[in-house]
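The values are calculated or read from the model by the stated rules, or taken from the named source; none is laboratory data. This structure is a prediction, so every number in the text was calculated from the model and none was measured. So basically every Cβ, Gly included, is an ideal-geometry build from the backbone, and we count neighbours across all protein chains shown.
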Amino acid sequence: MSLFLHHRHYPQPILCFLLFVIFKGVSVSGAKFTFLNNCDYTVWPGIYGKPEIGSTGFELTKGSSRTFQAPTGWSGRFWARTGCQFDNSGRGTCSTADCGSGEISCNGATASPPATLAEFTLGSGSMDFYDVSLVDGYNLPMTVAASGGTGSCNITGCISDINRKCPSELRVEGGGACNSACGAFGKPEYCCNGAFSNPSTCKPSVYSQMFKSACPKSYSYAYDDATSTFTCSDADYIITFCPSLIPESAPRIPKEPDSASEAGSEQTELASASWLADMATATATGGSTRSGASIVSLLLLVVGFIFTIFG
Ligand SMILES: *[C@@H]1O[C@H](CO)[C@@H](O)[C@H](O)[C@H]1NC(C)=O
């Protein structure tokens, strides 16, 4: 009975802080996306999604990686531009997957096909959905691997070099990319529109089957959902361009250089924004796993704390 008798005398700021910590602890979610360039050339990843997660396009030299934090509920796509040439003022274009912005940032524009796409929808307190899609064609091999999540969390993507197998009628950019049949011919039976706008009428074509046999886990046409969509909860994700093999586990990320670059400042900002979240999930010590157990123990700690104070 007397437990909450004195609550009015209780200092409000501490209570607010505790509620904030509890709230942060429970709602901490979203995901970190790490881009790893395993190609032996520079790529220029593009990011399209809402809300913006710190960049819409950037340069990624071979062997380097870069990480962005996305919030719960984020939905969007990633791709990699190749053969870009930007002048000293940052103006330029790319030979594949260009976003038409005329600069390194894509500023809300998406890739012009053909482009290999990684697509994500981060669940709000539930599963994330992800896939690698060749529905808009293909420009380079790409995989998506989940790290530290729970669920099936399978690695997906396309390791195969489809540019080398691309039929001549689909080949573009001197073999630097491979169109989808929809992109090349625009016919409703390939694009799954018009009379073919549902799964019972839009079937795999000889072209989509070529993509599917090369990359069995990727979307090869619009209704290829059953074998192409993957789910995971509470994971971070590694997007690898030119993975050489399907990794058995999540690929290793090289240490990022300690520089005062754009990336550095972004990470600092990120660190300050998520320190509470990190504290709540006990990852501040450098661990990368997020366990439900740590949230539960935090809650028990906080509840115990409240009882101690109010009691
Ligand atoms: C994920 O991988 C497991 C083990 O390899 C497999 O049994 C399962 O069918 C895969 N899930 C999907 C959705 O492909």
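Residues of the range 32-78 being under 21 Å from PRO243 (Cα atoms) and basic (Lys, Arg), which ones? Full working, then the answer.
First, the residues of the range 32-78 that are under 21 Å from PRO243 (Cα atoms): 32-47, 57-68, 77-78.
Matches in the range 32-78: LYS32, LYS62, ARG66, ARG77.
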In the set SER55, SER105, SER124, which member is assigned to a loop (DSSP other than H, G, I, E, B), in the same structural domain as ALA146 (by TED's automatic domain parsing) and out of contact with any strand residue (DSSP E or B) (no Cβ under 9 Å at 6 or more places or on another chain)? SER124
What do you reckon, is ASP131 within 16 Å of the ligand (Cβ to nearest atom), crowded, with 20+ Cβ neighbours inside 10 Å, in the same structural domain as ALA226 (by TED's automatic domain parsing) and among the acidic types (Asp, Glu)? yes
I need the full set of residues from the range 211-227 which are more than 19 Å from GLU189 (Cα to Cα) and among the basic types (Lys, Arg), in order please. LYS217
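Which of the residues that make up the range 76-100 are surrounded by 14 or more Cβ atoms within 10 Å (Cβ to Cβ) and either of a type in the set (D, E, K, R) or without any contact (Cβ under 8 Å) to a residue 60 or more places away in the chain (or both)?
Step one: filter the range 76-100 for residues surrounded by 14 or more Cβ atoms within 10 Å (Cβ to Cβ), giving 76-84, 86, 92-99.
Of everything in the range 76-100, those that are surrounded by 14 or more Cβ atoms within 10 Å (Cβ to Cβ) and either of a type in the set (D, E, K, R) or without any contact (Cβ under 8 Å) to a residue 60 or more places away in the chain (or both) turn out to be GLY76, ARG77, ARG81, CYS84, PHE86, GLY92, THR93, CYS94, ASP98, CYS99.
Which residue, of GLY194, GLY186, GLY176, is farther than 24 Å from SER244 by Cα and touching a helix residue (DSSP H, G or I) at 6+ places or on another chain (Cβ under 8 Å)? Spell out the reasoning first.
Numbers: GLY186 fails: touching a helix residue (DSSP H, G or I) at 6+ places or on another chain (Cβ under 8 Å); GLY176 fails: farther than 24 Å from SER244 by Cα.
Of the residues listed, the single one that is farther than 24 Å from SER244 by Cα and touching a helix residue (DSSP H, G or I) at 6+ places or on another chain (Cβ under 8 Å) is GLY194.
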Taking only pairs six or more apart or across chains, which ones have beta-carbon atoms under 7 Å, a first residue in the range 136-158 that is under 18 Å from GLY46 (Cα atoms) and more than 16 Å from the ligand (Cβ to nearest atom), and a second residue that is part of a strand (DSSP E or B) and of a type in the set (Val, Ile, Thr)? ASN139/THR82; ASN139/THR96; LEU140/THR82; MET142/VAL132; MET142/ILE239; MET142/THR240
